[in-house]
Amino acid sequence: MLVYCIDGMALDEKMGGPYTKQEQEIRRDKVFELYFEQRHSALQIAKILDINRNTINKDVKFWYSELHNEKEDYSKIAKKCACEIKYT
């Protein structure tokens, strides 16, 4: 990350989003750990990671969606396996 100095004050080149795909994945993994595993609130995570609360909320929403989709996929597989077992 590049740092610029203006009137003796150091400023990071980037002041928030948009994030690269790699940065987004890393951030989402941290949010997953802090929210689902360590049970921090979105507001606490925003303060810990120094990221906008709305970004954290979007990441949490993303993870709920991923978990829901995963559950549906397992449910379809289980139903299919149950049908195959009945007919064999």
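The values are calculated or read from the model by the stated rules, or taken from the named source; none is laboratory data. Here the structure is a predicted model, which means the values were calculated and not measured. No Cβ is skipped: glycine too gets one built from the backbone with ideal geometry, and neighbour counts run over all protein chains shown.
Please enumerate the residues belonging to the range 32-46 that are small (Gly, Ala, Ser) and within 13 Å of the chain's Cα centre (by Cα). Break it down into steps so the answer makes sense when it comes.
Restricting attention to the range 32-46, the residues satisfying the condition of being small (Gly, Ala, Ser) are 41-42, 46.
Listed by number, the residues that qualify are Ala42, Ala46.
For the range 28-78, give me each residue that is among the polar types (S, T, N, Q), within 16 Å of Pro18 (Cα to Cα) and assigned to a helix (DSSP H, G or I).
Selection gives Asn54, Thr55, Asn57.
So, Gln24, is that one closer than 16 Å to Glu66 by Cα, free of Cβ contacts under 8 Å to residues at least 24 places away in the same chain and of a type outside the set (Ser, Thr, Tyr) or not?
On the way: closer than 16 Å to Glu66 by Cα: yes; free of Cβ contacts under 8 Å to residues at least 24 places away in the same chain: yes; of a type outside the set (Ser, Thr, Tyr): yes.
Here the answer is yes, as Gln24 does meet what is asked.
Annotation: Asn54 fulfils all but one of (1) at pLDDT below 95; (2) surrounded by fewer than 12 Cβ atoms within 10 Å (Cβ to Cβ); the unmet one is (1).
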